[in-house]
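The values are calculated or read from the model by the stated rules, or taken from the named source; none is laboratory data. Everything quoted here is computed from the prediction, not taken from an experiment. A quick note on method: Cβ atoms are made from the backbone with ideal geometry, for glycine too, and the neighbour counts reach across all protein chains shown.
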Amino acid sequence: MTFSRAQVSAGAGSVVDYGLMVLARQLLGWPLFWAVALGGVVGAGINFSLNRYWTFTAGSGTHDYSNAFLLQLTKFVLTVVGSILLKYLGTYLLERHLGIDYKIGKLISDLFVSVLFNYPMQRYWVFRKTPS
């Protein structure tokens with residue numbers, strides 16, 4: 001159940017992330033890195049809120065986290081920085097070396113980073129529960 005909720009939460013943040021990236025890149029002409037960063041930061045805010053208050057409550061509605069809000073936020077920010085860098089790197093490499101349009105490359109990168117990096121970091125580090 002937690003993994004499913006995490007994917008819904010990630011999806012909500014990703015829709016905003018992707019939309020802002022395309023807007024910044026296509027309409028505003030921003031460089032790829034800054035467009036990815038803008039989308040990533042705003043999408044992360046949505047993701048943090050959903051994860052803290054819905055995803056990792058395990059259906060109980062309680063917040064028995066092993067660390068306080070500010071520590072949790074700090075850990076989340078560090079995770080997001082790593083996530084943005086990985087997503088940018090993946091998008092850039094797919095575009096530069098394989099000729100995949102950045103819009104498609106970003107979706108591919110997001111999928112891998114979300115499942116292999118973001119979920120484990122958030123589940124086991126950022127939103128770790130206090131042992132019963």
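Using the structure shown, decide if residue 83 is surrounded by 14 or more Cβ atoms within 10 Å (Cβ to Cβ), small (Gly, Ala, Ser) and touching a Phe, Trp or Tyr at 6+ places or on another chain (Cβ under 7 Å).
So residue 83 fits the description; yes.
Scanning the range 105-124 for residues that are in contact with a Phe, Trp or Tyr (Cβ under 9 Å, 6 or more places away or on another chain) and farther than 15 Å from residue 47 by Cβ, which turns out surrounded by the most Cβ atoms within 10 Å (Cβ to Cβ)?
106
Condition test on residue 71, is it free of Cβ contacts under 8 Å to residues at least 40 places away in the same chain, touching a helix residue (DSSP H, G or I) at 6+ places or on another chain (Cβ under 8 Å) and either under 21 Å from residue 117 (Cβ atoms) or in a helix (DSSP H, G or I) (or both)?
no
Do we have any residue at all in the range 11-19 that's over 16 Å from residue 113 (Cα atoms) and surrounded by fewer than 16 Cβ atoms within 10 Å (Cβ to Cβ)?
yes
Criterion first (within 15 Å of residue 13 (Cα to Cα) and either among the small types (Gly, Ala, Ser) or modelled with pLDDT under 95 (or both)) does residue 67 satisfy it?
For residue 67, the condition - within 15 Å of residue 13 (Cα to Cα) and either among the small types (Gly, Ala, Ser) or modelled with pLDDT under 95 (or both) - is not met.
Being buried (at least 20 other Cβ atoms within 10 Å of the Cβ) and either in a helix (DSSP H, G or I) or under 16 Å from the mean Cα position of the chain (by Cα) (or both) is true for just one of 5, 25, 96. Which residue is that?
Of the residues listed, the single one that is buried (at least 20 other Cβ atoms within 10 Å of the Cβ) and either in a helix (DSSP H, G or I) or under 16 Å from the mean Cα position of the chain (by Cα) (or both) is 25.
Looking at this structure, is residue 52 under 18 Å from residue 7 (Cβ atoms), at pLDDT below 95 and of a type outside the set (Gly, Ala, Ser)? Steps first, please.
Values: under 18 Å from residue 7 (Cβ atoms): yes; at pLDDT below 95: yes; of a type outside the set (Gly, Ala, Ser): yes.
Answer is yes for this residue.
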